[in-house]
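Structure first, then comments.
The values are calculated or read from the model by the stated rules, or taken from the named source; none is laboratory data. Remember, predicted model here, so these are calculated numbers, not experimental data. Here the Cβ is made from the backbone with ideal geometry for all residues, glycine too, and neighbour counts use every protein chain on show. For the accessible areas, the whole protein counts, side chains as well, though only heavy atoms, and no ligand, DNA or RNA atoms are used. Shrake-Rupley method; radii C 1.70, N 1.55, O 1.52, S 1.80 Å.
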Amino acid sequence: MKYIEQIKSIALFLLVFLSLALTFIIWNFTPTTLDPIDPTPAIDTAIADTKKIEQVIRPLKILYHSEENITGSVNNDEIDLFLNSMDQWQISDLMLLSDEATADEMIEYMHQPSRAVLYYPGGVPFPVLDAMVDISDTNVPEATINRLVVNWESSANGELVVYFINSESGRIYQGVTPISDFSKFERNIIAPSEQYPLYITNESIGTMPIYVPAEPVNLSSYVYLYEETPLEEYADRLFDGSSFQPASSLMDGGYTDNTGAFLEKEAVIKGLNYVQSKAETADPAIPSELVFNTIKFINDHGGWTNDYYYFGMEPLNQEIEYRLFINNIPVFGSPLSTAIDVKWGIADGEEQVFRYERPIYILEPTGRTVLKDQASGSAVLAALARLEEEKRAAVTDIMLGYELMRNSNDPDRLMVAEPIWYYRMDGSWLKLPNDVIGGGPFGLE
C-alpha cells in the first residue's frame, strides 16, 4: 500500500507527457499530398427539353379515300392513330416507279378509293423516314417525299402497298409492308375515319387537287402570356467557349466574339439573329443531313421552346424551317417571328451554322379562349375560284392557320392567336380574310 501514491504519481506524469507529445505531433504534422476535393459541377440547364425526330417531323393532315367520299383530319390524336399503326410496319421492296410523273399520274396513285394520304408540309428525306418507320432495304435513297400514300386494295394478299410521292418533282417510289391482321387495321383505323369531316376540292384551283373541309370549322382564338428568354442564355450556348462580350453597335443589344460571330436581339419581331460569317458557303446540303444536323443543333441548346414542326427546306441554299404550331395548326405572324430558320455553312473544315433566326419568346396559355366559326371550305374554294386562271393554277395549298399578334391592350405581356384561312401561291403564304371570302376584292401582294 505504501507504493500506491508513487505509482499514481508516475502514471499521472506519463499521461501528461503523452498528451504533450500528441499535441506536438498534431500541430507540426504536414501531409505530403492532399487529394483535391472535386468542386460541385455547374448544372447546365437547357432552355427547353430536347425532342425526338418524330416529334418535329409530322404530317399536317390525313385524308381517307373511299368509294363514296373523302374524309380527313388535322387533329393530332387522329393523325397519331395512323402513325402509331405505322410503328408496327416493316416496309420492304422499295423501288422507283416514276422519276417525273405527271399531275394526272400522281392523282391516280393518291386519290383512288381504299387509300390514305399523309400530307407533309415539306420534303422529307428517305433516311429521315427510315428513322421513324422501319424501312428494311439496305440502300435507302436520299430522295425526298411530301406525300405518303397507303393502299389497302391488296390487303387480301396480306400486305399494304405504300407509295412515297414528291408532288413537286413527280418522283414516286413504292414499297410493301405485311399486315397479318387487316380486320384490326380496318376496325381501328379505317372505320373511325368514316366519321371524320368531309373534304372537297375544286379542280380549277391548282394543278393537283387541294382538299379542304367542306363544312365550317370551329377553332378557338387564344390569349397567351409571353416571356422573353434572356439573350445571354442563348449566347452561353451558341458561342464557342465563353469568350463573347456585349456588342454596343447592335441597336437592340447583343453579343459578339473574336471570330466575328454575333448574336442580336430583334425587338420589333420578338426574335433573335445569330450569324457566323466565317461559315458562309455556296455549297448545297444533303437533305437528310440538313434535318439531322438541325435537330441536333436545336436540341443541344434546348431551342424547342414551344411546338415547332418541320415546315420545309431549300437544300441548294442549306436552309431549313421549323414553324410554330398551335394544336397542329401552323402559326404565321406579321411582324412577329413565328418560325425557326437555320442556314448552314462550312468553317474550319466542318459543317456549322451560318445563320440562325428564331422567336425569343415562350408562349404560356392564360386559359382565355373564344370559339370562332370559320368560313367553310366550300366558301374558301368559291372565293379562290374568282382569281384569274393563271393565279388559280399557281395555288399549291390551302389551310387554316393562326395569325399571332401582340394584344393591343397589353402588348408587353400578352399575345393573341386568331384563326384565319391561308393559301399558298408562288411559295408565299397569303391571308384569305373573311371579307374576301364574302366576295370582297383580293389584296394580292
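Does E203 meet the test of being open to solvent by 80 Å² or more (accessible area, probe 1.4 Å), without any contact (Cβ under 8 Å) to a residue 40 or more places away in the chain and within 27 Å of the chain's Cα centre (by Cα)? Explain how you work it out, then say what you get.
Values: open to solvent by 80 Å² or more (accessible area, probe 1.4 Å): yes; without any contact (Cβ under 8 Å) to a residue 40 or more places away in the chain: yes; within 27 Å of the chain's Cα centre (by Cα): no.
Here the answer is no, as E203 does not meet what is asked.
Filtering the stretch 417-430 to residues that are open to solvent by 20 Å² or more (accessible area, probe 1.4 Å), in contact (Cβ under 8 Å) with a residue 60 or more places away in the chain and out of contact with any Asp or Glu (no Cβ under 6 Å at 6 or more places or on another chain) leaves only W429. Selection of strands (runs of 3 or more DSSP E) fully inside the stretch 307-362 by the criterion of at least 3 residues being open to solvent by 20 Å² or more (accessible area, probe 1.4 Å), in contact with an Asp or Glu (Cβ under 8 Å, 6 or more places away or on another chain) and not hydroxyl-bearing (S, T, Y) returns 339-347, 350-359.
When restricted to residues that are modelled with pLDDT of 95 or more and of a type in the set (S, T, N, Q), the stretch 329-351 contains 2.
None of V395, V380 is closer than 27 Å to S337 by Cα, modelled with pLDDT of 95 or more and over 25 Å from the mean Cα position of the chain (by Cα) except V380. Within the stretch 399-428, the set of residues being outside any strand (DSSP E or B) and over 20 Å from I269 (Cα atoms) comprises D426, G427.
In this structure, does F292 turn out to be within 20 Å of the chain's Cα centre (by Cα), assigned to a strand (DSSP E or B) and within 28 Å of P59 (Cα to Cα)? When the stated conditions are applied, F292 does not pass them.
Count of the stretch 101-140 residues, restricted to those that are closer than 25 Å to Y310 by Cβ, touching a residue at least 12 places away in the same chain (Cβ under 8 Å) and among the charged types (D, E, K, R), is 3. Looking across the stretch 269-283, the residues that are at pLDDT below 95 and surrounded by fewer than 20 Cβ atoms within 10 Å (Cβ to Cβ) come down to S277, K278, E280, T281, A282, D283. Screening the stretch 383-398 for residues that are assigned to a helix (DSSP H, G or I) and of a type in the set (G, A, S) and picking the one that is most open to solvent (accessible area, probe 1.4 Å) gives A393. Taken over the stretch 122-181, the criterion of being at pLDDT 95 or above, of a type in the set (A, V, I, L, M, F, W, C) and more than 22 Å from I53 (Cβ to Cβ) is satisfied by W152, L160, V161, I172, V176. Just wondering, is there one or more residues in the stretch 95-116 that are of a type outside the set (V, I, T), surrounded by 10 or more Cβ atoms within 10 Å (Cβ to Cβ), on the phi > 0 side of the Ramachandran plot and modelled with pLDDT of 95 or more? Yes - at least one qualifying residue is present in the stretch 95-116. Pairing each residue of the stretch 391-407 that is more than 28 Å from Y222 (Cα to Cα) with any residue that is aromatic (F, W, Y) and crowded, with 17+ Cβ neighbours inside 10 Å, provided the two are 6+ apart or on different chains, yields C-beta distances under 8 Å for V395/Y423.
How many residues does the stretch 172-208 hold that are of a type in the set (D, E, K, R) and farther than 30 Å from V380 by Cα? Total meeting the criteria: 4.
Of the residues that sit in the stretch 241-276 and are touching a Lys or Arg at 6+ places or on another chain (Cβ under 9 Å) and among the polar types (S, T, N, Q), which one is nearest to P411 (Cα to Cα)? Among those that are touching a Lys or Arg at 6+ places or on another chain (Cβ under 9 Å) and among the polar types (S, T, N, Q), it is N273.
Name the strands (runs of 3 or more DSSP E) wholly within the stretch 221-283 that hold at least 2 residues that are without any contact (Cβ under 8 Å) to a residue 40 or more places away in the chain?
Working: elements: 254-256, 262-266, 271-275.
In the stretch 221-283, the matching strands (runs of 3 or more DSSP E) lie at 254-256, 262-266.
Among the candidates V380, V370, the residue that is in contact (Cβ under 8 Å) with a residue 24 or more places away in the chain, buried (at least 20 other Cβ atoms within 10 Å of the Cβ) and either in contact with a strand residue (DSSP E or B) (Cβ under 9 Å, 6 or more places away or on another chain) or of a type in the set (D, E) (or both) is uniquely V380.
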